[in-house]
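Just so it is clear, none of the values below were taken in a lab; they were calculated from the coordinates. Just so you know, these numbers come straight off a predicted model, no measurement behind them. Virtual Cβ from ideal backbone geometry, glycine too; neighbours counted across all protein chains shown.
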Amino acid sequence: MAIAESQLAGKAGPLTRTQIAQILFILAVFTAIIKPMLPNIFVRIPVDLILPYDIWLQTVFDFIKDDLGLLTLTRGISSVLEWLLDITANLLYGKRRWPNIGPVPWIAVAAVAAVIGYWLKGWKMALLAGGTFVWVALIGQWKLAMQTMSVIAVAAPMAFFIGLLLGICAWKYKRFERIIMPVLSILQTLPFFTYLLPAVIFFKVGPTAGCIATIVYAIPPMVLMTSLGLKKVSAEVIEAGHMSGSTRWQMLRYVYLPAARTEILVGVNQVIMLCLAMVVLTAFIGMPGLGAKLLSLMNSLKLGRSFEIGITIVLIAVMLDRLSKAWVVKQPEHFERGTSWFARHKILILGIIVFVASIILAQFVQVADHITRKQDLSMGKDIDNVIRTVLANDIVTGVTDWLRWFLITWILIPFRDALLWLPTGSVILGIAAFGYFVGGRKSAFIVVLFFGAIAMTGWWDRSMITLYAVISSVILATLIGIPLGIAAARNPKWSEPILLICDTAQTFPSFIYLIPAIMLFSVNDVAVVFAILIFATVPLMRYTIEGIRAVPSELLEAADMAGATRNQKLINVQLPLALPTMAVGFNQAIMFAFFMVIIAAFIGTQDLGQELQKTLAGNNLGKNFVLGMCVALMALTFDHIIMRWSNERRKALGVG
Amino acid sequence: MSDINPVISCKNVWKLFGGNAEKYLASIQEGQSFEQIRQAGYIAAVRNVSLDIARGEMLVIMGLSGSGKSTLVRCLSRLIDITGGEVNVDGQNIMDLSEKELIDLRRKKMGMVFQSFGLLPHRTVLENVAFPLEMRGQDRHDRRERAMEVIKLVGLEGREEYFPRELSGGQQQRVGIARSLAIEPDIWFLDEPFSALDPLIRREMQDEFLRLQEMLGKTIVFITHDFDEALRLADRIAIMKDGAVEQCDTPDKIVLSPATEYVAKFTEDIEKSRVIHAGVLTKPINGYKLEGSSIASDSTILQLSRQLISDERDVLPVANKDGVLIGGMNRQEALNILLGDS
């Protein structure tokens, strides 16, 4: 396929695609070498040529906000949301608002969670669900966790309904789909700070803004999964619906939506996980809860308690993920005719009984109702001491100090300086060469457009610093993740548990990854790179294992019969076939890195993230958006090139 | 079968896939071949098909995959809009129906069975069978009762609370059949209903199907790619190739005198004596006097083989179902068919 296309391209012009790409690349290198002789405009866009996007955008935003009266509308929405949030807040942690009946005792929440877990997947799930809440209560973080949960309880259903509706529209109306899909991919690459500021400006500070940002952030996968699921409904099921004389509404309600159940529930799982990830990050706009506490603890380097909160967040993430995934695979069970109502609904009845029983218990036993500061089992100080002694150990400090010194002096600083030294034009030419090589003229055009736009904003240097952090950590992650992935894939005994670990690690909110990074390297560039590194290694490993395992067994048998050694088999059969899948992992690693590098702003980076965080203090929406778009455009460039390559490769191999 | 007005009648039906197919169809002459149309950038799924299907008749549409048989049956039920021609159901052109009228027609008159069953995975057997009744707004009690009746009819009693995934392929197709019969349709479309089943189950389901048909006497359009199945079930067979009907006739005639080379190729390996009935070989007696016992016109040559060999008469008298003498069959001709050297 790739060959055929390059031949086609060759017919169109005198040069093949690869040759043009090579020429572009040589030009890029050449211009970099003769930098001193280049005109200024090629090295950096001069200040007076930079377009004041931020001011234009600010004008547009102000116009929409004040003159079109959007603010009135959004404030209206936020009062509705606030009402909902007050209800969940009252129920979960006893905020003094209507309906004034909360808080529900922790033991009741834990008991109901256990029953739900049991219903979905038996005892183990009951233990996980109930146990998580017991841990949260005993460690003394109940109120924090419930502040976080109260926002999720509102945001997740809202994101679900909006996403479902948009998904149905995207599936029903081609034109709408064509408009919304690019918007969704931009939304998915925008740094979260760009969600936060508009939320603050339009929807007040605090839970409401946090909730809005969370909803917007969680919608895209729901839209994608819904329209995907609806498209996948089998033709015969649709025809059966038509032949049964269904009207359009009946088709949607009784045929399409139930038949797309699996995809829709996968969407629900993703909505919940993204809600959790975002709600933790809303700490940056003053949302109280686990995230805010973690942020302040990490700022004051209270590692022990950070560690405990980290465990809480991880447990909640794993629980929500497992429960919602169990719901995806749960199939309805049939009851024999004549089964009584009580027998059919025994789990529901059990749930009600344990709920009522625990509430009654909580009336008499104080510990079952809430756990006071003195009763909790938090050992923050002791863990703090342990961590400090371990970290103060000569071997550990020796290793980390050396690593820090080595990485900073020999890799990070030189690489960053090189990127900053390179003329803008050379970087764009280099990127264009990649684009041309992978996707021909159209891809080259797209990537030049994206990077050109970044250059025109005047934030080029900051963007390069962001890019440097992303590239260096993803390269390190590749060096670690891919060999590990290959090793794991070759041993079936290892691949299962490692895949499970990767899956679990991917559900953690990204914030968590900063905890060990800060513990080991304190606050500097290496900590940032290290945090991105572990965060990005996970998808790399996972897709490497999955790619290698997906190689059809006949091919392996054929290679065996051809007398290939293990290494020959790996290099000639498994890796070539796994590469397209591995590229998807690589892409995800880069996307994760762009996400993480922005979060790392709060430990003092000098890139776009830092600037973005600064905008949160004011109300400069224009600048915030321009910075966000710089990040999104870089991410989209990588996304476009890598996914394009992966898809072409897949087609060429005739898989998927 | 004696009804003069056909239940379904299609005239010069065309279905082309491709942009602006109607305009293209108007521009071409008759007799364009499949290849010529393809070169113009269109796929001719159904090409100038005219068929009449009488009340109570079982028409089997036979063809290899890609011959357009599935598309044709979807044109008859308007799951697909046709590009040209006319499809009349009970004298009503179904292309003229509004969405509401079409839904009404399907709710009252049509049932369809699908190759991969097309069951709704989230509904129990009972709920699947009751689905068409629910769609037309029948009340809960009524539809339950009716659904139970058909479930009994297809022999799935006791499984009504199961989900499709808990059933075997054959059982799932019984659910599909039950669902298509729930509204008591006049017209029954079956799109390769047994193709996804194992050979043994397939045979069993064919018997079951014949039993149901004898009991219900519906007008049936049955699709298959299996010639044996077609011969076994059909009143008439329409053989399709590249979207066009090559021949539409009774099984005997198709085997005895294939209209085209393509049809002949199908019939080549068929044991003709198993298909051809005595009645087909019967000729008027024209005063010639026949003696002795007569044979039944609806018995196959194979069934008569013993008698054909042992009997010494040149011409055997043939009687119809009511025992009335209708003519004579040349014994040598029948023997030739039996021995395969006709």
Q) Using modelled backbone amide H atoms (1.01 Å from N, in-plane), which distant-in-sequence or interchain residues come within less than 5 Å of B:Val113's amide H? A) B:Phe189, B:Leu190, B:Asp191
Q) Can you work out ³J(HN,Hα) from phi for every residue in the range B:151-159, in order, using Karplus 6.51 cos²θ - 1.76 cosθ + 1.60 and θ = phi - 60°, giving whole Hz and x for Gly and Pro? A) 4, 4, 4, 8, x, 10, 4, x, 9
**Q.** On Cα atoms only, tilt of A:192-203 relative to the major axis of chain A in degrees
**A.** 60 degrees
Q.
What lysines does A:Lys204 reach when the alpha-carbon gap must be under 17 Å and sequence neighbours fewer than 8 apart in one chain are set aside?
A. A:Lys65
Q: Report, in debye and to the nearest 20, how large the dipole of the range B:273-339 comes out about its Cα centre when Lys and Arg carry +1 and Asp and Glu carry -1 on their Cβ.
A: 100 debye
Q: Would you mind calculating the relative contact order of the range B:273-339 from Cα pairs under 8 angstrom and at least 6 residues apart, reporting the percent as a whole number?
A: 39 percent
Q) Which whole number gives the average, over all residues in B:134-140, of C-beta atoms from other chains lying within 10 Å of the residue C-beta? A) 3
Q | In sequence order, calculated HN-Hα J values of the range A:464-480 (Karplus, 6.51, -1.76, 1.60; Hz; x Gly/Pro) | A | 5, 5, 4, 4, 4, 4, 5, 5, 5, 6, 5, 4, 4, 4, 5, 4, 8
(Q) Using alpha carbons only, how many angstrom separate the centre of the range A:595-611 from the centre of the range B:79-95? (A) 65 Å
Q) Considering every residue in B:116-127, what mean count of other chain Cβ atoms within 10 Å of its Cβ is obtained? A) 5
**Q.** For the range B:234-251, Karplus couplings with θ = phi - 60° (6.51, -1.76, 1.60), whole Hz, Gly/Pro x
**A.** 7, 7, 9, 10, 10, 9, 10, 8, 6, x, 10, 7, 7, 7, 10, 7, 6, x
Q: Starting from the Cα of B:Lys272, draw a straight line to each of the lysines and keep only those under 25 Å, dropping any in the same chain fewer than 8 residues away.
A: B:Lys69, B:Lys241, B:Lys253, B:Lys283, B:Lys321
Q: Please arrange A:Arg649, B:Arg165 by counting, for each residue, the other beta carbons lying within 10 Å of its beta carbon, fewest first.
A: B:Arg165, A:Arg649
(Q) Just want to confirm a number: the relative contact order over chain B, from Cα pairs under 8 angstrom separated by 6+ residues, in percent. (A) 17 percent
Q. In what sequence, highest mean first, do B:238-250, A:200-212, A:178-190 appear when ranked by Cβ atoms within 10 angstrom?
A. A:200-212, B:238-250, A:178-190
Q. Can you give the mean number of other chain Cβ atoms that lie within 10 Å of the Cβ atoms in peptide A:231-237?
A. 4
Q | Net charge contributed by nearby residues that have their C-beta within less than 15 Å of B:Lys289 (K/R +1, D/E -1) | A | 0
**Q.** Residues B:Lys283, A:Lys174, A:Lys623 arranged by fewest to most Cβ contacts within 10 Å
**A.** A:Lys174, B:Lys283, A:Lys623
**Q.** For the range B:25-74 and the range B:269-323, distance of Cα centres in Å
**A.** 37 Å
Q. At what distance in angstrom do the alpha carbon centres of the range A:396-471 and the range A:130-207 lie from each other?
A. 31 Å
Q | Percent RCO, i.e. relative contact order, over the range B:65-213, from Cα pairs under 8 Å lying at least 6 residues apart | A | 29 percent
Q. Using +1 on the beta carbon of Lys and Arg, -1 on that of Asp and Glu, and nothing else charged, what's the dipole of chain B about the Cα centre, debye to 20?
A. 500 debye
**Q.** For B:Thr219, residues with placed amide H under 5 Å, excluding near neighbours
**A.** B:Gly56, B:Trp188
Q) So which lysines can B:Lys100 reach, going by Cα to Cα under 26 Å and dropping same-chain residues fewer than 8 places off? A) A:Lys172, A:Lys174, A:Lys231, B:Lys11, B:Lys15, B:Lys108, B:Lys109, B:Lys218
(Q) To test your reading of the geometry: what angle, between 0 and 90 degrees and rounded to tens, separates the Cα axis of helix B:125-135 from the longest principal axis of chain B? (A) 70 degrees
**Q.** Sites A:Glu336 and A:Ile359, calculated FRET efficiency, Cβ-Cβ separation with R0 51 Å, nearest 0.05
**A.** 0.90
